[in-house]
1. Could you please find all residues in the range 20-70 being in contact with a strand residue (DSSP E or B) (Cβ under 6 Å, 6 or more places away or on another chain), open to solvent by less than 50 Å² (accessible area, probe 1.4 Å) and not in a helix (DSSP H, G or I)?
2. Looking at the structure I just gave you, is Val13 modelled with pLDDT under 90, within 13 Å of Val67 (Cα to Cα) and either of a type outside the set (Phe, Trp, Tyr) or in a loop (DSSP other than H, G, I, E, B) (or both)?
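The values are calculated or read from the model by the stated rules, or taken from the named source; none is laboratory data. Please read all numbers here as calculations on a predicted model, not as lab measurements. Using ideal geometry, Cβ is built from the backbone for each residue, glycine included, and neighbour counts are taken over all protein chains shown. Just the protein is used for accessible areas: all its heavy atoms, side chains included, with ligands, DNA and RNA removed. Shrake-Rupley method; radii C 1.70, N 1.55, O 1.52, S 1.80 Å.
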Amino acid sequence: MERVAARTGTDFVVQPCPADRLDELFRLRASVWLAAGADPAAFPDGRWQVARDAHRQHWIAVAGAEVVGG
């Protein structure tokens, strides 16, 4: 995977999201919406996931061991 320098100076890697990291991606999605003022009731389990996600290729940005984008 290619390393990319973020604006903050932190390196991150963009890669296909492995199945075992999908939960992190779905929680990140919800946290971004919540930080933007979305109603927490929209994410009762703290995740944003829709039925079609199971059939899609997801990509994540990883800095160190943390998913920082998707």
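1. Matches in the range 20-70: Ile60, Ala61, Val62, Ala63, Val67, Gly69.
2. yes
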